[in-house]
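Taking it in order: structure first as structure tokens, then the write-up.
The values are calculated or read from the model by the stated rules, or taken from the named source; none is laboratory data. Since this is a predicted model, take the numbers as computed values, not measurements. Quick reminder, even Gly has a Cβ in these numbers, built from the backbone with ideal geometry, and neighbours come from all protein chains shown. The protein model used for the area step is the full one, side chains on, heavy atoms only, and it has no ligands, DNA or RNA in it. Shrake-Rupley method; radii C 1.70, N 1.55, O 1.52, S 1.80 Å.
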Amino acid sequence: MIPARLRRRVDRTGLAVGAMVVLALAVRLAALGSRPLHWDEARVGYWSLRYLESGFFSYRPVAGGPLVYLLARPSLALFGTTDFALRLPFALAGALLPGAALLFRARLGNDETVALAAIFALNPLLVYYGQFARGDVLAAGFALLVLGFAVRLLDGGSRWNAYGLAAAAALAIAASGFGIVALACLGVAGVLVFDHAALVASSRPVATRLGELVARARGSATPAARALLVFVGLYVFTFAPRAGETDTAGLYTPGTILAALDAALFGSIRRLVGVRVVHRYPHYTHEYFPYLGDLLGTLAVAAVPLSILALGAFFVDRYTANGPRALVSVGAYWAGTALVFVPMLSEVSAPWLGVHVVVPLALPGAVALAALVRWGQRALDAGDASRVAAAVLIFGALFAQTGAVAASEVYGPTERDTDLAHYAQPNAEFASFRENVSGWIGETDDAGADVLYYGSSMYVADTADAYPPVPASWGERLPVTWYVARADADTRSVANAAELRTMSDVPSVVIAPATERGTIAPLLDGYVAHEYDTALWGRGVVVFVKN
């Protein structure tokens, strides 16, 4: 038996949240490397591998936030160039998300805190994209930390919360361009809650309220300045270029530090605005409602129970006698703002956009989930069979839907009808290419090319893919280029059959669009052809392997 005095010292809520972190890690590490890489993941893997080899890195908005590469590179160095190693840091970061619930425990009950951690641990969308080498879960998670540290500051917490807030804001921006969107949506939610609080307090004299604000702000200049330094320092560290073996400016290269600082502080903004704003029109404009419809469809698949719980909590909480709880309102407003603006600002319609709605939706959802558990417990204690049966039915529906989505979407084979998969996710059959390509290439050396890319759509001049930027035709090779690069294969390209005929030594592996199979098959006597879809459907490639 544990003594009563010791039991009082045990932080049961902390232990329960810790258990949710362990559970979150287990469900994200399960089959982490089984799914072939999405095109975006393959891009991250390829440039992280080049960063590992050359030491060169430069922020490019089209390739995602710099934090993604800073995490992927050491993982590849430590654990090898595998799909598992590439995704590992993102899985670990996603698994830590339930721990953020502890930041809100002063505003939540113990059961609500555990419920929040459980939602972060088990929501199918967060699990699926927690196994994904993209920055969306990171960006949404760091934005959540910004809110958590802000709440602790408002509740009289130490100045360390200001430093944590600044660090989380910098890392949210470094994780993804959507980090800026997440912080902006959170800011809108904060303004709405503050405005409501101001209206409630409008009966008090303005001078009194201003005096209280001044009193709270007095003495905070130094911590604020330090927090700003934390933000700028992390921002520079993540966005500054690394020169590596090149002669360009780099953070660690003597004599170029000022240029690297300029690239980090100002060049990154110019690039982001240039790519996402100035040159966005007209190619990446799109109709709004189809994107919104796709996002709602994703939420209907992966977050129906959470959405119902969150909406119920928001409306019940808003119209209770005690008035709305700020944290419930912030979560609902943040999710609603994200639902409006994320599909508007996105350049592609993809299921991962739902992450930016699910994370804030978890705050009111957790309040409702904990209330349901308490209601069921009271019914059980009272022996009310009808209420107990109703509670069992409700929880059965919640867990059945979540479990079914996890079984079919998260851990099931990726097929054309997989709702959580984006089009650029290769189907399950592509795993055969991944498993065989290294054996097909065999031992590599510097004597000549090991893999030949054929066709104008895949043609990239020799060494043009060593450093970014690369031509658009390089993207047509994804995700094949990652699997070829990790085999340490030298590559060459030819644009047409005439060039192929002039080659005296054709490599043992030739990769071409599937539409070119009939053209080059007669030129590759003794080769066996294999066809694969590099997306959920269509976009086929043919791989000729020498016998």
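Looking at segment 476-492, which of its residues are closer than 22 Å to T519 by Cβ and open to solvent by 10 Å² or more (accessible area, probe 1.4 Å)? E476, T491, R492, listed by residue number.
One line per residue, one yes/no per condition, for (1) touching a His at 6+ places or on another chain (Cβ under 8 Å); (2) modelled with pLDDT of 95 or more; (3) of a type in the set (D, E, K, R); (4) not assigned by the TED database to the domain that holds D462:
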| position | (1), (2), (3), (4) |
| --- | --- |
| V494 | no, yes, no, no |
| D505 | no, no, yes, no |
| P513 | no, yes, no, no |
| G526 | no, no, no, no |
| A535 | no, yes, no, no |
| V542 | yes, yes, no, no |
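Quick check on A260: is it part of a helix (DSSP H, G or I), outside the structural domain of L372 (by the TED database) and crowded, with 20+ Cβ neighbours inside 10 Å?
Working: part of a helix (DSSP H, G or I): yes; outside the structural domain of L372 (by the TED database): yes; crowded, with 20+ Cβ neighbours inside 10 Å: yes.
Yes.
Hey, does segment 73-85 have a residue that's in a loop (DSSP other than H, G, I, E, B), within 18 Å of W39 (Cα to Cα) and at pLDDT 95 or above? Among the residues of segment 73-85, at least one is in a loop (DSSP other than H, G, I, E, B), within 18 Å of W39 (Cα to Cα) and at pLDDT 95 or above, which makes the answer yes.
Working carefully through the options A512, A495, A485, A489, find the one that is closer than 15 Å to G540 by Cα, in contact (Cβ under 8 Å) with a residue 40 or more places away in the chain and not basic (K, R).
On the way: A495 fails: closer than 15 Å to G540 by Cα; A485 fails: closer than 15 Å to G540 by Cα; A489 fails: closer than 15 Å to G540 by Cα.
Only one candidate passes the filter, namely A512.
Within segment 493-547, which residues are open to solvent by 60 Å² or more (accessible area, probe 1.4 Å) and of a type in the set (K, R)? The answer is R501, R517, K546. Cβ-Cβ contacts under 8 Å between residues 6 or more apart (or on different chains), taken from a first residue in segment 384-407 that is outside any helix (DSSP H, G or I) to a second residue that is not polar (S, T, N, Q), are absent. Any residue in segment 82-101 that is open to solvent by 10 Å² or more (accessible area, probe 1.4 Å), closer than 23 Å to Q401 by Cα and assigned by the TED database to the domain that holds R325? Scanning segment 82-101 turns up at least one residue that is open to solvent by 10 Å² or more (accessible area, probe 1.4 Å), closer than 23 Å to Q401 by Cα and assigned by the TED database to the domain that holds R325.
Of the numbered conditions (1) closer than 30 Å to V330 by Cα; (2) open to solvent by 80 Å² or more (accessible area, probe 1.4 Å), A368 fails exactly one; give the number of that condition. Unmet condition: (2).
Among the residues of segment 318-329, write down those that are surrounded by fewer than 24 Cβ atoms within 10 Å (Cβ to Cβ) and either under 24 Å from F132 (Cα atoms) or touching a residue at least 24 places away in the same chain (Cβ under 8 Å) (or both). Can you show your working first?
Kept after step one, since they are surrounded by fewer than 24 Cβ atoms within 10 Å (Cβ to Cβ), are these residues of segment 318-329: 318-327, 329.
Passing the criteria: G323, P324, R325, A326, L327, S329.
When only residues in segment 134-181 that are open to solvent by 20 Å² or more (accessible area, probe 1.4 Å) and not in a helix (DSSP H, G or I) count, which is modelled with the highest pLDDT? The residue in question is R134. Just so you know, in segment 31-56 the residues that are surrounded by fewer than 24 Cβ atoms within 10 Å (Cβ to Cβ) and among the aliphatic types (A, V, I, L, M) include one that is nearest to W474 (Cα to Cα), and it is L49.
Within segment 278-290, identify whether any single residue is without any contact (Cβ under 8 Å) to a residue 24 or more places away in the chain, out of contact with any Pro (no Cβ under 8 Å at 6 or more places or on another chain), part of a helix (DSSP H, G or I) and open to solvent by 80 Å² or more (accessible area, probe 1.4 Å), and answer yes or no. Write out each step before concluding.
Applying the first criterion (without any contact (Cβ under 8 Å) to a residue 24 or more places away in the chain) to segment 278-290 yields 278-279, 281-283, 285, 287, 289.
Now narrow it down to the ones that are out of contact with any Pro (no Cβ under 8 Å at 6 or more places or on another chain): 278-279, 281-283, 285, 287, 289.
Of the ones still in play, those that are also part of a helix (DSSP H, G or I) are 278, 289.
So of that shortlist, the ones also open to solvent by 80 Å² or more (accessible area, probe 1.4 Å) come out as 278, 289.
Yes, some residue in segment 278-290 is without any contact (Cβ under 8 Å) to a residue 24 or more places away in the chain, out of contact with any Pro (no Cβ under 8 Å at 6 or more places or on another chain), part of a helix (DSSP H, G or I) and open to solvent by 80 Å² or more (accessible area, probe 1.4 Å).
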